[in-house]
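The values are calculated or read from the model by the stated rules, or taken from the named source; none is laboratory data. Please read all numbers here as calculations on a predicted model, not as lab measurements. Heads up, the Cβs are rebuilt from the backbone with ideal geometry, glycines too, and the neighbour counts pull from every protein chain shown.
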Amino acid sequence: MEELNDTQSESDDRGIDINWVGVNSFKFPIKIQDKSEEQSTIADFKLAVDLPNDQRGTHMSRFIEVLNDHGEIISVKNLSNLNKCLVDKLESTNSKISISFPYFINKNAPETNSKGIVDYGIHLVSTLENGSYELISTVSVPVTTLCPCSKAISDRGAHNQRGCVKFSIVASSFIWLEDMIYLVESTASSELYSVLKRPDEKLVTERAYDNPVFVEDLVRNVAIKANQLDPITWYKIEAENFESIHNHNACAVVIKNCKN
């Protein structure tokens, strides 16, 4: 076979280090372990390493090779192994992996027990930098919120809407994604369901009316529960209400041990 030029391995004299270079928007099937079973899903990957100032380019195909060699089973518990494989394969010092995927939980209706399934957004950022490893886990949780002010001033009803809470953490020990999701849902006016019969709809509507929360209440309630979990060393809580009586949204953020 004819030997071809390895252009990306050429030296570079511009003297500029590249913090992160790699591939993104790469779709790959994965299997994630939840509390009861292993579930299959499709993930969007971003893989990157650092590049020293004397090297012109990285080897893009090697990122995909590392992922293929690793296989479909992705474990939050040992995601650092994938970071180490990138560093070794790309002959780099640092590596960063971002993974986004839909995550599913079986959820029966609260009154009739009708079977349903709800999807949640998961985003994991796994970083190995200068020998130090960090994993940021984020769950995006849809919720129902009912306005306390609207309830207080209205003779009949109160405006309510869907909202979304993004709950991001760094933890010193493993925390299940389901537990992060359940923590958020417990602080809202009501959680969401995919299947509701009339008795369920009545229960959910009345539950929301009995538990009104502002967007400010939502982030504070999540923060209080997160503060009770010793393994959590950092968190960021972002809540957004898709207001039903406005053409704009309401939002709030709480950060523990602020990074940015």
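Brief remarks follow.
- Residue list for the range 234-245, restricted to those being at pLDDT 95 or above and loosely packed, with under 14 Cβ neighbours inside 10 Å: none
Here's the yes/no breakdown for (1) farther than 16 Å from Val76 by Cα; (2) surrounded by 12 or more Cβ atoms within 10 Å (Cβ to Cβ); (3) touching a residue at least 12 places away in the same chain (Cβ under 8 Å):
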| site | (1), (2), (3) |
| --- | --- |
| Thr7 | yes, no, yes |
| Arg14 | yes, no, yes |
| Val21 | yes, yes, yes |
| Ile30 | no, yes, yes |
| Asp34 | no, yes, yes |
| Gln39 | no, yes, yes |
| Ala43 | no, yes, yes |
| Gln55 | yes, yes, yes |
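- Some residue of the range 123-130 being assigned to a loop (DSSP other than H, G, I, E, B), without any contact (Cβ under 8 Å) to a residue 60 or more places away in the chain and surrounded by fewer than 15 Cβ atoms within 10 Å (Cβ to Cβ): yes
- The condition (being under 24 Å from Ser36 (Cα atoms), modelled with pLDDT of 95 or more, among the polar types (S, T, N, Q) and surrounded by 18 or more Cβ atoms within 10 Å (Cβ to Cβ)) is satisfied by just one residue among Ser186, Ser100, Ser168, Ser114: Ser168.
- Pairs are defined by a Cβ separation below 7 Å, a sequence spacing of at least 6 or placement on different chains, a first member in the range 181-208 that is over 12 Å from Thr145 (Cβ atoms), and a second member that is surrounded by fewer than 16 Cβ atoms within 10 Å (Cβ to Cβ) and hydrophobic (A, V, I, L, M, F, W, C); the pairs so defined are Ser194/Ile117.
- For Ser92, the conditions (1) touching a helix residue (DSSP H, G or I) at 6+ places or on another chain (Cβ under 6 Å); (2) not in a helix (DSSP H, G or I) are fulfilled apart from (1).
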